[in-house]
Structure formats: structure tokens, C-alpha cells
Amino acid sequence: MAELFTNNAFSTLASGISTSDVNLTVASSEGSRFPSPSGADFFRATLIDKNTLNTEIVLVTSRTGDTFTMTRAQEGTTALALDPGDLVQLRPTAGTFENVTTDSDVQSGSMVYASDTGAANAYAIALTPAITAYAVGQKFRFRATNPNTGASTLNVNGLGVKTIKKFATSALESGDIIAGQVYTIVYDGTDFQLQTPIANLPAINTKEITTAGNVAVTGDISASGDVSTATLTVSGNATHSGTVTFAGTPQTNNNVFYSAKELGGTVRELLGLNAADVAQLGNASNAMTVASSATTFTNGVLGGGPTGGDQGAGSGNWELLYVQGRPVVSCSGFTNVTSSRAQNTVYQNTSGITMLVSIAVQKSGGLNIRTEGLVGTTNPPTMEVGYVGASNAAGDGGSMLFPVPHNWYYQIYDASTISIRAWHESS
């Protein structure tokens, strides 16, 4: 809605009007001196009785040629009965200047702000001055009196209820509006778009996230840069190609694949893995250094809590790796257990994680040797995972390295005469 002006617009009535007429006609071809309002636009005209000099102010809302449509008796004036030849002029009035927006109006935001007077999910505001119609691009702010519990609407100056949407097409969800918060909305021609939704955020696509506090995301996170936060909680997918550092514990409830390495004893770098990388998780370069009391990620996620008790940077050691919630490899070093182990004896891994067994054997007689590493879920184990064979002089031998999952049995089976030079198990 805009007030229109032209310079020095004046004319006379072509015919008389009564006090109730809402149309007037000016002298032929002189209507073009005046503006042509459309929509909610208007201009102010002053009607003057040439005999008494009494005046009436009207709002002209439409002009077709020399004929005006008007709203009578404005700004405290009284409707006049006028004769042909009486004056019609476009001149500034008190209302003209009252309608001018000042710097203070703009700075205070008073013309586009109001407190909500509606109910939860059905918000209503009354702007001053009141708008007379909705228009695309209108931006308003309101302070919510009640929190929303679901889909919500807004009515401005009684012009009609409009749905409040977020992210272009989504209905509001419980928690998007909280009591006492000021919200900005923009009319898109059909609905109001909420500019500051809170609940159930969609995927976040960003180059970098840095915060000293906690981040909780219901949707997905996709970052091509760095993510640095105290605690990250994601119920959706989290993918990234940059560095992720945590002062706290990362948590997730969906599909994330990570490997990690120690960076100086306190900072961890988590590197995203795609599906092709999963086969390489046994490689030390993809290892994750965590505490022995690591928190396991759930629901199909590689995990572990990066807190205390890790190996130092540059040591080349690595401890614990989870895939799909299960430990894959633990290896922060090896313990020599030669004195407490013997061939053809069954042992069970009860460490709680998958461990590595390293065996070095040596021929002690003239017979050929055949030594196997066996693992399995039953006792005795039957799955062959390592083999050493030799048929030359005494002293020949070899070594093998094989994994043993938690609670599995393992055995060094000897079909000949050997001596065990060294038996190590990861710790």
C-alpha cells in the first residue's frame, strides 16, 4: 500500500455530488493530472466549495480517465454536497506527513513487529499501521506467546489465516516455536516462511562447523570441511571429507563409517570411509586409537569414544576398531606369552575384543614340520587360519599371524616335532 503523488494536480467538478456519492468526475481530460492508483495504493484529494471555501479530504483509490472512486470525509472532515465547478486538488495534508516513514520508524521496526495475541499453533498479530492486504515478500516479526505443538498458522491484521512453513514446503513441528522467542516470517504468496525453525533440522551441508558447545542434529550432517565440537549427536547420517575433532564423545544412531588416529595425545582426527574402504579397516593406517573403556557407536556404526589412555602420537600403535558395533582389531602392542603357551593346547580369547596371535616356530629334529593356527567357536577349533611348513635341516621354521575374535578358541596344532621360539598376543 503506497500513497501516490503528482505535482500541482488540480481540476474542477464536471458535475455535482451529494454527501453520499463515492464517485466524482472532473473536467474533461484533466483527470490525467492525477495519479492512477491500483491495488491498495491511493492518493489524497481535497474538495473545496468555491463559495464557502469549506473543504473535505477524500482518499481516491481508483481513477478511470476523469472519474475518481473515493472514500469520503477523511482526517476529521465532513462530507460536502458540491456543485459543478467546485475545486478538486491534490495537496499535502496532515495525514500525508503522518504516513511518512521516519528514520526512527525504520530503526525501531515498530511497523513490522507485534506481539502474538493468538493461541498455540494459531498465532495472530496486529501491526500498526495495519496492512490492508498480503503481498509477496512482506516480512514481519512477532514475539510468540505460546509454544507450538505441531503445524501452525498466522493471521496478520485479520486478513486471513496463512500456514507457517519451514524449509519452503515443510509444516512446523513441535518445538519450532517457543514462548517468548521473536520470530521472523516472510510471505511467499501462499504461506508464511519461518526464517528461524528449531525442531527437526534437515541435512546440514557445510564446509565447516566450529563450536565450543554441543551439537545435536536430528537430520543428516554432510561436511566437506572441518567439524569441531564438544559433543556431536547425530540421529541421521554423518559424512565428511575434512577433519572432525571432539572434546567430548561423538554419538550417532545411523550410518557413519570412520577411522581415526591419535594426533598428539589429546586431539583425534576422524577420517570418513566409503564402502570401498571398509575392506581396508584392518590396515593400521585406518586404525582408531581409543581408550580401553571406549563407547561403542550403535546401529551399524564404526565407533569408539576418543577419551584418555591412548598411545602417544607417532608411536605407530593402535588399539580398538569397531565396525557395525563389533570390535575388529585391538593392537596397542604385543605381550610375550611364550612361557605360558604350548602347542596342541586349546586357549580361548576372553579379552572382550579381537586380538592378534603371532607365532614363530623352529624345527627341532630331522622330521618335516607342519604347524597350523586353528580358530573357531567350538572346542577344539577347526578353522585353519595360519600354516608353517619346512623340510630342511634342523633350525628351519617360520612364523604366522592371525586374528582371534572375542570368545573364540584358538590353538597351535603341531603334527611334528617343533619348538616355539616366540608366542605373542596383542594387548
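The values are calculated or read from the model by the stated rules, or taken from the named source; none is laboratory data. Quantities reported herein were computed from a predicted structural model and do not represent experimental measurements. A quick note on method: Cβ atoms are made from the backbone with ideal geometry, for glycine too, and the neighbour counts reach across all protein chains shown.
Among (1) in contact with a strand residue (DSSP E or B) (Cβ under 6 Å, 6 or more places away or on another chain); (2) surrounded by 13 or more Cβ atoms within 10 Å (Cβ to Cβ); (3) not small (Gly, Ala, Ser), where does residue 71 come up short?
The one condition residue 71 does not meet is (2).
Looking for whichever is surrounded by 15 or more Cβ atoms within 10 Å (Cβ to Cβ) and in a loop (DSSP other than H, G, I, E, B) here; the options are 155, 146. Which one fits?
None of the other options fit; the residue is 146.
Residues in the range 6-57 that are assigned to a strand (DSSP E or B) and within 14 Å of residue 84 (Cα to Cα): how many?
Step one: of the range 6-57, the residues assigned to a strand (DSSP E or B) are 10-13, 17, 23-26, 42-48, 55-57.
In the following step, the residues that additionally are within 14 Å of residue 84 (Cα to Cα) were identified as 11-13, 17, 23-26, 47-48.
So the answer is 10.
What pairs can you find where one residue is in the range 330-342 and farther than 10 Å from residue 423 by Cα, the other is part of a strand (DSSP E or B) and at pLDDT below 85, and their Cβ atoms are less than 7 Å apart, with a gap of 6+ or different chains?
330/355; 330/426; 331/318; 331/356; 331/426; 332/318
Do you know which residues across the range 407-427 are of a type in the set (Phe, Trp, Tyr) and at pLDDT 85 or above?
If the condition is that a residue be of a type in the set (Phe, Trp, Tyr) and at pLDDT 85 or above, then 408, 409, 410, 423 are the ones that fit.
Exactly one condition in (1) modelled with pLDDT of 95 or more; (2) in a loop (DSSP other than H, G, I, E, B); (3) within 21 Å of residue 131 (Cβ to Cβ); (4) not β-branched (Val, Ile, Thr) is not met by residue 84; state its number.
Unmet condition: (3).
Going by the conditions given, is residue 179 assigned to a strand (DSSP E or B), farther than 26 Å from residue 5 by Cβ and under 31 Å from the mean Cα position of the chain (by Cα)?
Details: assigned to a strand (DSSP E or B): no; farther than 26 Å from residue 5 by Cβ: yes; under 31 Å from the mean Cα position of the chain (by Cα): yes.
Considered against the rule, which asks whether it is assigned to a strand (DSSP E or B), farther than 26 Å from residue 5 by Cβ and under 31 Å from the mean Cα position of the chain (by Cα), residue 179 comes out as no.
Among the candidates 128, 132, 77, which residue alone is part of a loop (DSSP other than H, G, I, E, B), of a type in the set (Val, Ile, Thr), within 30 Å of residue 30 (Cβ to Cβ) and free of Cβ contacts under 8 Å to residues at least 24 places away in the same chain?
Sole residue among the options that is part of a loop (DSSP other than H, G, I, E, B), of a type in the set (Val, Ile, Thr), within 30 Å of residue 30 (Cβ to Cβ) and free of Cβ contacts under 8 Å to residues at least 24 places away in the same chain: 77.
I'd like the full set of residues that are closer than 16 Å to residue 62 by Cα and not aliphatic (A, V, I, L, M), limited to the range 1-28.
Of everything in the range 1-28, those that are closer than 16 Å to residue 62 by Cα and not aliphatic (A, V, I, L, M) turn out to be 3, 5, 6, 21, 23, 25.
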